[in-house]
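Below is one structure, written out as structure tokens; comments come after it.
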Amino acid sequence: MSTDSQVPSVQDRTSRYTIAIAMVAGLGGLMFGYDIGVIADAKIGVTKAFSLSDLEIATVVSAVLAGSFLGALIAGRLCDAIGRRWTNVWGGICFIIGCLGCAFSVDLTMIVAFRVVMGIGVGFSSVAGPLYIAEVSTPWSRGAMVSLYQLAITVGIFFAFLVGLFLDPDTQWRISFGLGALLGGSLIAGMLVMPPSPRWLVGRGRYEVALGVLKRTLGSDQEAEKELEAIKERVVEESGESFWSALKSSHAVRMALILAIGLAFLQQASGINAIFYYAPEILEEVGLGDQKLKLTAALGLVNVMATFIAIWLVDRVGRRPLLLGGTALMMLAQIMIGITGTGIIPNDGIVVLVMIFVAIIAFAFSLGPLVWLAISEIFPAGVRSACVGVATSFNWIGNYVIAEGSLMAVKFSPSLAFWIFAACNAITILFVYFRMPETKGVPLEDIEAFFDKRKSRIDGATSSG
């Protein structure tokens, strides 16, 4: 069947209700981004307050990632047990506890422990947020709606950089951590008034409530009833199937999980968070230390603005073109930074700065939003939560590796670090080209067909884009 036939006449009227749901769920992304950004400046004060070595400050940075890995693994089952909405609420609770604990920490052990708690909250929301948005969105707006989660991450990073710009990182780092509790509170308040995911409701036999949610998100009673029947059919087909049994018996689940894990890890291997975690150090190394706080904030603002490119284009040109084009552009920018270390191009701080801006722009409309989108949409309903949790945990593994190794790599040789990131992006291009199908406009219940060699492919869509 043609994907065009799946788009009803209301496609140009994505409901305000759907947008509101996506924006509220995106508050989890705001927490995620704030955590990435706040440590860039706060670690300066933490280092001085507790007299930390490079290894110890790397541990403070990466502790939240260990918690996020744990949270992501737990979140898959939690999403099935209590729903996507309440998993987000618990994510907000953990984030509040972690932020306040960091703000009142008196030694290294305490701040590391509460950074782990912060991470658990972020891990919960990094699974439940995109999953919830994908399940309440329409096929023709799902890309843009899930991309709002990445937009929220970029806004969170920028907000944290602004906080660092106006607060003295040497003496006011505790305030920086404490302000994060406001974001956790906002997520809790917002999610408490949002509806449960219609697909989760169908799995619990609450068909009338699910139909009511679908009517509001789709904007059409007829389309809502058709969508409800499609969800019920798939849920019945997959009922009673565990993650492990599905992984063993379903070629489609295995192929989708390989794609999701690969994308999740490679997103971090792109080096984007090395830039955000250690932006002040990178700028110091290239002779721009006097302006490092202002330039770091500027990097955050560019990240926000460039994400709108993905929101505008993802449901128009598709996932694959944006991913391939953006990753290639990011790789070229990193190669240029690497070349500055060889002497072929003068090691000019301005050249490095411009290329960092280019890399951030490229990431913001490709690997940034589209990895979260792919992870949230490619799995069958019966095991979607568990698979999203597993895939997201690999994102946090990659994030942990980058956080642990980047500071030493940047201090040893910034140009070498960017050569490594460029090589990783070359692998990503090949991986996306050969493994990722185009899912623009395809209903969630039909995407499984792309990964199952025993099923016919959806007409009009091919794995080559």
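Nothing in this text is a laboratory measurement; each read-out follows from the coordinates by a stated rule. Quantities reported herein were computed from a predicted structural model and do not represent experimental measurements. As a convention, Cβ positions derive from the backbone with ideal geometry for all residues, glycine included, and neighbour counts pool all protein chains shown.
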(message) About the Cα centre, and with charges only on the beta carbon of Lys, Arg (+1) and Asp, Glu (-1), how big is the dipole of the chain? Nearest 20 debye, please.
(response) 560
(request) State, in angstrom, two size descriptors of the stretch 76-167 derived from its alpha carbons: Rg to one decimal place and Dmax to the nearest whole number. (result) 15.5, 50
(request) Go ahead and run the numbers for FRET between L192 and E284, Cβ-Cβ distance against an R0 of 60 Å, rounding to 0.05. (result) 0.85
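Counting Lys +1, Arg +1, Asp -1, Glu -1, what net charge surrounds L370 among other residues with beta carbon under 15 Å of its beta carbon? Write out the running numbers ahead of the final one.
On the way: positive: R142, R316, R319, R320, R435, K440; negative: D315, E377, E438.
So the surrounding residues net to +3.
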(request) Obtain the radius of gyration and the Kirkwood radius of the stretch 1-158 from its C-alpha atoms and give Rg over Rh. (result) 1.09
(message) Using Cβ contacts closer than 10 Å as the measure, can you line up S62, S141 from fewest to most?
(response) S141, S62
(message) Please arrange F431, F308 by how many other C-beta atoms lie within 10 Å of their C-beta, fewest to most.
(response) F308, F431
(request) Go ahead and estimate [θ] at 222 nm for the chain from helices alone: -39,500 (n - 2.57) per DSSP H run with n ≥ 4, summed, over the residue count, rounded to 500. (result) -26000 deg cm²/dmol
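Kindly identify the stretch 151-284 as rounded, prolate or oblate by the Cα gyration tensor criterion: order the square roots of the eigenvalues as a ≥ b ≥ c, call it rounded if a/c is under 1.5, otherwise compare a/b with b/c, prolate if a/b is larger, else oblate. All intermediate terms of the calculation are to be shown ahead of the outcome.
Details: a/c = 3.15, a/b = 1.70, b/c = 1.86.
Because a/c hits 1.5 or more and a/b fails to exceed b/c, the stretch 151-284 counts as oblate.
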(message) Under 11 Å from a point placed 7 Å out from the Cα of M305 along the Cα-to-Cβ direction: which residues of the stretch 145-179 have their backbone N that close?
(response) none
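So what is the orientation-averaged projected area of the chain, using the convex hull of its C-alpha atoms, in nm²?
Numbers: hull surface 79.6 nm².
Result: 19.9 nm².
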(message) Taking the Kirkwood radius as the inverse of the mean 1/r across Cα pairs, report the Rg/Rh of the stretch 360-401.
(response) 1.05
(message) Could you tell me what a quarter of the Cα convex hull surface of the stretch 178-229 works out to, in nm² with one decimal place?
(response) 4.3
(request) Any chance you could run the full-extension gain for D170 through D221? It's 0.36 nm times the residue separation minus the Cα-Cα distance, nm to one decimal. (result) 12.6 nm
(request) From the C-alpha gyration tensor of the stretch 65-105, pull out the three semi-axes of the equivalent ellipsoid (sqrt of 5λ each), sorted largest to smallest, in whole Å. (result) 22, 12, 5
(message) Order these by the 10 Å Cβ neighbour count, fewest first: V235, V371, V317, V390.
(response) V317, V235, V390, V371
